[in-house]
Amino acid sequence: MNITRIIDREQRFGANNYSPLPVAISRAQGVWVEDCDGKRYLDMMSAYSAVSHGHAHPRIVAAAIAQLQKVSVVSRAFHSETLGHFLEALCEIAGFEAALPMNSGAEAVETAIKAARRWGYRVKGIARDKARIVTATDNFHGRTTTIVGFSTEPQYKDGFGPFSDGFDTATFGDIDSFRAAIGPDTCAVLIEPIQGEAGIRVPPQGFLRQLRELCDATNTLLILDEIQSGLGRTGKTFAFEHEGIRPDGLIVGKALGGGILPVSAFIADHALMDLFDAGSHGSTFGGNPLAAAVGLEALRVLEDEQLAHNSAELGAYLQQRLREMAVPFVRDIRGRGLWVGIELDRPARPYCEALMALGVLAKETHETVLRIAPPLCISREELDWGLERIQQVLLG
């Protein structure tokens, strides 16, 4: 079907809440996608880490098909044979005792907020309805009204109020700012260890370790949102491992669904997780048999194919190659693993469009940052193919 007609139909019947590049994908395999006219592109976005394993990974697809042929959804009103295996594998890889499965990342964040508040009342002894959570400037944790209410990005919240109280803001990467923001009614700090939507912003070395120590000293939970950074993206299974710390709660999603469907979870030890009781929280689709089978295979593939190791090696190579280009209008190159932000001194959108014309799909964020985040299964040869075109676009 004609790409123009496809885009026109989507714009006619869809909400205008995205500004996608003018390409319509019809099929994908590994790190490559193909549009409706048969043109091939290297995917340097991997759906914001949702396709970290690569498109249509054969093992994950096979696991999905096998489960679809048995049972896909039963709701949590009943047990299913796949859920326990998935939760066990997830807890083992994350190093925690229990997990609460959800669907979207935002749902998992909302779950973490509920857990933190209940802990504040039942364990820390905060007065009823007085619990507060400290978040970071330039955060991105999802799009629900609660979450956008504590965003510092005006566009995310304009016209959507009134918003919930109970959140305070500290400056990302500034430990003194967090120290000032935490008070006696603070139950948790909720933060991304690396900020993705803000432009792949990495905090100063040692910040997360200092934040862990601060939370310990103030009897405050440290909850990390690793929806984008987790499951190998930064060169380790989780970004918090770069500083040798352990949070009290962990939020995962995107790559957990293996590029097949939305799967997310809030993970913690029983001391925190057991504050949930029957009827206090739930989701009809959360932890369904299909999601559990896909999530389980996604975790197995992550380990079997050493995707975190590949991300570490090729991520270092990616940054080295980008720096060697010495592009005059590049202000900064930052990131970890196969997750890099190239900050320009001008709008990045035209460069994304130029890359698309050359067969590379990437997307800007915060106007001036060009994101490079291919599937973690990418080879050095495929990465070089993309880098050649990035150099061509940036240097002319």
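Quick rundown of the values:
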read-out: Where Gly287 falls short, out of the listed (1) in the same structural domain as Arg389 (by TED's automatic domain parsing); (2) touching a strand residue (DSSP E or B) at 6+ places or on another chain (Cβ under 7 Å); value: (1)
read-out: Of the criteria (1) in a loop (DSSP other than H, G, I, E, B); (2) assigned by TED's automatic domain parsing to the domain that holds Cys187; (3) in contact (Cβ under 8 Å) with a residue 40 or more places away in the chain, which one His79 fails; value: (3)
read-out: Selected residue [surrounded by 15 or more Cβ atoms within 10 Å (Cβ to Cβ), part of a loop (DSSP other than H, G, I, E, B) and among the β-branched types (Val, Ile, Thr)] from Ile378, Ile342; value: Ile378
read-out: Flag if Arg331 is in contact with a strand residue (DSSP E or B) (Cβ under 8 Å, 6 or more places away or on another chain), farther than 24 Å from Tyr41 by Cβ and either of a type in the set (Asp, Glu) or surrounded by fewer than 17 Cβ atoms within 10 Å (Cβ to Cβ) (or both); value: yes
read-out: Tally of residues being in contact with a Ser or Thr (Cβ under 7 Å, 6 or more places away or on another chain) and among the hydroxyl-bearing types (Ser, Thr, Tyr) across segment 235-273; value: 1
read-out: Set Ile60, Ile65, Ile126, Ile147: member being under 17 Å from the mean Cα position of the chain (by Cα) and either surrounded by fewer than 21 Cβ atoms within 10 Å (Cβ to Cβ) or of a type in the set (Val, Ile, Thr) (or both); value: Ile147
read-out: Lys70 among the basic types (Lys, Arg) and either under 23 Å from Ile260 (Cα atoms) or touching a Phe, Trp or Tyr at 6+ places or on another chain (Cβ under 6 Å) (or both); value: yes
read-out: Val51 touching a residue at least 60 places away in the same chain (Cβ under 8 Å), buried (at least 16 other Cβ atoms within 10 Å of the Cβ) and under 20 Å from the mean Cα position of the chain (by Cα); value: yes
read-out: Any hit, segment 1-18, residues being in contact with a Cys (Cβ under 6 Å, 6 or more places away or on another chain), outside any strand (DSSP E or B), modelled with pLDDT under 95 and not β-branched (Val, Ile, Thr); value: yes
read-out: Members of segment 142-196 that are small (Gly, Ala, Ser) and in contact with a Leu (Cβ under 6 Å, 6 or more places away or on another chain); value: Ala188
read-out: Test for Val134: is it part of a strand (DSSP E or B), in the same structural domain as Pro247 (by TED's automatic domain parsing) and in contact with a helix residue (DSSP H, G or I) (Cβ under 9 Å, 6 or more places away or on another chain); value: yes
read-out: Looking only at segment 200-219, and only at residues there that are in contact (Cβ under 8 Å) with a residue 60 or more places away in the chain and more than 13 Å from the chain's Cα centre (by Cα), the one that is surrounded by the most Cβ atoms within 10 Å (Cβ to Cβ); value: Arg201
read-out: Matching residues, segment 235-281, being assigned to a loop (DSSP other than H, G, I, E, B), of a type in the set (Val, Ile, Thr) and under 30 Å from Val33 (Cα atoms); value: Thr237, Ile260, Val263
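The values are calculated or read from the model by the stated rules, or taken from the named source; none is laboratory data. Fair warning: this is a prediction, and the values are worked out from it, not measured in the lab. In this analysis, Cβ positions are derived from the backbone assuming ideal geometry, glycine residues included, and neighbour counts consider all displayed protein chains.
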